[in-house]
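Take a look at the structure below.
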Amino acid sequence: MTAELVRGQNHPLSQARLEIRISAGTPVAAAAALSDENGRIHGTEWVAHPGAPVQPGLEVSRQAAADHRLAVDLDAMTEAVHRVSVLLALPAPDGGAGPARFGAVAAPFVAVTGLDGTEVASYTITGLDLESAVVALELYRRQGAWKVRAVGQGYAGGLAELFADQGLAEAAQLASGIDEAVARGLARSVQAPPPRTSEGDRSRQAAAPAVGPDQGAAPQGAPGPVPPSYGGQPSGGQGGPQPAYGGATDPHTASGGPVNYSHPGRQTSAPPPPPPTAPPAQPGQPARPVAGDATGWSMEERLYNQVWGMFEDLARTTAAYRSAADFAESRMDKELEQALSDPRSRIGGQGDAAREAARARYSQLVDQARASLDRDVAQLVAEAEVVEPALPPAFARWDNPCWHAYRVPMEIPMALRLGDLRLPEAEAIRIPMLLRLPLERGLWIDSGRTGSLDGSFTDSHDMRRLAMDTAVAHAARLLAVYPAGEFTVHVVDPAGSGARALAPLTQTGVLAGPPAQGAAGVTEVLARLTQRVDLVQMALRGGAPDALPPGFDTSQQLLIVNDFPHGFDDRAVNQLRYLVDEGPSVGVHLMMVADREESAGYGPLLDPLWRALLRLTPVPDDHLADPWVGHAWTYEPPAVPHGSEVLRQVLTKVAEARRTWNR
């Protein structure tokens, strides 16, 4: 029976090999610190953290994530270790992004389980406010036995204050190193999905009807597509709670806004159409999947949430399989160790029988876990087979027939497909990688990798060509999913090396102008875009987003940079970093096509730039991680079918719509 602990309460532990499972609802960094009987940490080697995830008897996650599984082996602890403290910390905010205190997020939940998943004790850490780091719980030695205690001690000064409180001399340096490791990990993480809807988890059957305006608020984190406004206010709507009757004689509130006299319970717009219903399943068979079975206000939103649900399902079922396989292996190792420790069973038939029995139990456990994984994957494959053909162009592959009936949209979609994701245990399924729009961070198409996962070798020249082809495919999709005139693409190609790959963009006339070449071209484009960012920011700070110069282009802007750092001096590099940091908030985005090693001459000054961009590759690569359990996912770039003219056909329609819109 699970012990649900409150702060200060303890519970005995009967197992030495344990898992600490953490669920925080938002990405957090997890660490574990060893200390003596006085609670003092003797050195940085006594702390397992994302930068050094493995220590004797400890293994923690390598990146910040919403869910963690920490492995603990108490038998491997030295006699000097009397406490194992489980630590949680919010990643250091980057440019204001992400929560800075635990009081702004859901209360973290921590559970101690056996390797078989049996929960021993759990603790929900409540009462936190300004703290950005917390000692969640501790495993401690008492009279030769181990216990777990709920701690919940928070520190507003973060990990540096926490480590200093536990007597670590290098507290500030270690905290800084952990922040750096977490930043590197977050740079490879797939953008987290929006928060769970008020209806809870995604339904596998027919989804509950979406909530109408007269029945409560729309699902949190799942709004319909709303064009961005630089003023920071939603387009339309009241923008906040307003009095319904108020009893006021003046038809204006104290702030000068009009009073809303509408009845608060009266429906003012038509409810969304009901979700599709799954056909009845045969007796004893799983429910037949149907496209759009997730919650949402529109079919696009339902499909978006359904894809994210499939992504999460595959992440978690694979995590369960890996955990079961690890448990089976550790159990077999322990049984073999016990058999070898007895001199009477080291040789002869008795020892052989013990070893064979241990291996047989291992195979049985792994086979059971694999059968469960295969069952879940088969269900996901069946779901993907009905979801993929139903996806709109923004979510669809380039070989989807929907592109043959493509029309320039009238509204901005919720998200954009940037490729596919897969795991080695489930090669039969690919999950679409969807990124919310408008972009929250720029993209970096890495041209520096020379080998792919299949063992083939790609030389540097071919990698640069493939990287530029991939960048053009991404840019074409962005142009295709935005309404006419609402997305503008600029290209900087200092040496002209990307001319062939850029042909679909240049020949169809969808670019804002010819690709800029040479140092002068780089300077001119960067100066124009940095000036644009400055103007919009000044207008926003002055509270007058409409006071921009006449004819100001308010569309989203994308700058594609090829062959960096060729043609860039120090001033241009600083302008580039400025666009990366400040541009996305005012509609200016960057797509770098570059080899990071080639820019090493600029030193660590460019490290924040690379971390701020989402790294994508022109060949399959396992560099991305999910926001739940942190698996390393293999990313596959969006492939345009060989010999297909779909890219040019779509861009031609975009150019025609733009010419019509400009008349």
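Residue count for segment 149-192, restricted to those that are charged (D, E, K, R) and either touching a helix residue (DSSP H, G or I) at 6+ places or on another chain (Cβ under 6 Å) or closer than 25 Å to Trp628 by Cα (or both): 5. The test for being closer than 26 Å to Asp581 by Cβ and either among the hydrophobic types (A, V, I, L, M, F, W, C) or open to solvent by less than 50 Å² (accessible area, probe 1.4 Å) (or both) does not hold for Ala76. From the list Gly154, Gly185, Gly114, Gly177, the lone residue that is open to solvent by less than 20 Å² (accessible area, probe 1.4 Å) and either modelled with pLDDT of 90 or more or of a type in the set (Asp, Glu) (or both) is Gly154. When Gln537 is tested against the conditions (1) out of contact with any Asp or Glu (no Cβ under 8 Å at 6 or more places or on another chain); (2) in a helix (DSSP H, G or I); (3) over 20 Å from Leu502 (Cα atoms), the lone failure is (1).
Applying the selection to segment 392-405, what residues are exposed (fewer than 15 other Cβ atoms within 10 Å of the Cβ) and either at positive phi or assigned to a helix (DSSP H, G or I) (or both)?
Within segment 392-405, Pro401, His404, Ala405 meet the criteria.
Looking only at segment 368-391, decide whether some residue is part of a loop (DSSP other than H, G, I, E, B), at pLDDT 90 or above and farther than 16 Å from His474 by Cα. For segment 368-391, residues part of a loop (DSSP other than H, G, I, E, B), at pLDDT 90 or above and farther than 16 Å from His474 by Cα: present.
The single condition from (1) aliphatic (A, V, I, L, M); (2) under 27 Å from the mean Cα position of the chain (by Cα); (3) surrounded by fewer than 18 Cβ atoms within 10 Å (Cβ to Cβ) that Ala169 fails is (2). Please go through segment 509-553 and pick out each residue that is in contact (Cβ under 8 Å) with a residue 60 or more places away in the chain and surrounded by 15 or more Cβ atoms within 10 Å (Cβ to Cβ). The answer is Val510, Val536, Ala539, Leu540, Pro545.
Scanning segment 112-144 for residues being of a type in the set (Ser, Thr, Tyr) and assigned to a strand (DSSP E or B) gives a total of 5. Taking every residue in segment 467-493 that is closer than 22 Å to Asp595 by Cα and pairing it with any residue that is of a type in the set (Phe, Trp, Tyr), at least 6 positions away or on another chain, the pairs with Cβ-Cβ distances below 8 Å are Ala473/Trp398. Of everything listed in (1) hydroxyl-bearing (Ser, Thr, Tyr); (2) surrounded by 15 or more Cβ atoms within 10 Å (Cβ to Cβ); (3) farther than 29 Å from Thr318 by Cβ, the single unmet condition for Thr126 is (2).
Taking the listed residues Glu59, Glu45, the one that is without any contact (Cβ under 8 Å) to a residue 12 or more places away in the chain and under 33 Å from the mean Cα position of the chain (by Cα) is Glu45, with no other qualifying.
Selection of segment 12-34 for residues being among the hydrophobic types (A, V, I, L, M, F, W, C), over 15 Å from the mean Cα position of the chain (by Cα) and surrounded by 19 or more Cβ atoms within 10 Å (Cβ to Cβ) yields Leu13, Leu18, Ile20, Ile22, Ala30, Ala31, Ala32, Ala33, Leu34. When you scan segment 596-603, do you find a residue that is of a type outside the set (D, E, K, R) and in contact with a strand residue (DSSP E or B) (Cβ under 8 Å, 6 or more places away or on another chain), even just one? Within segment 596-603, one or more residues are of a type outside the set (D, E, K, R) and in contact with a strand residue (DSSP E or B) (Cβ under 8 Å, 6 or more places away or on another chain).
The values are calculated or read from the model by the stated rules, or taken from the named source; none is laboratory data. Values in this document were obtained by computation on a predicted structure and should not be read as measured data. As a convention, Cβ positions derive from the backbone with ideal geometry for all residues, glycine included, and neighbour counts pool all protein chains shown. The accessibility values were calculated without ligands, DNA or RNA, using every heavy atom of the protein model including side chains. Shrake-Rupley method; radii C 1.70, N 1.55, O 1.52, S 1.80 Å.
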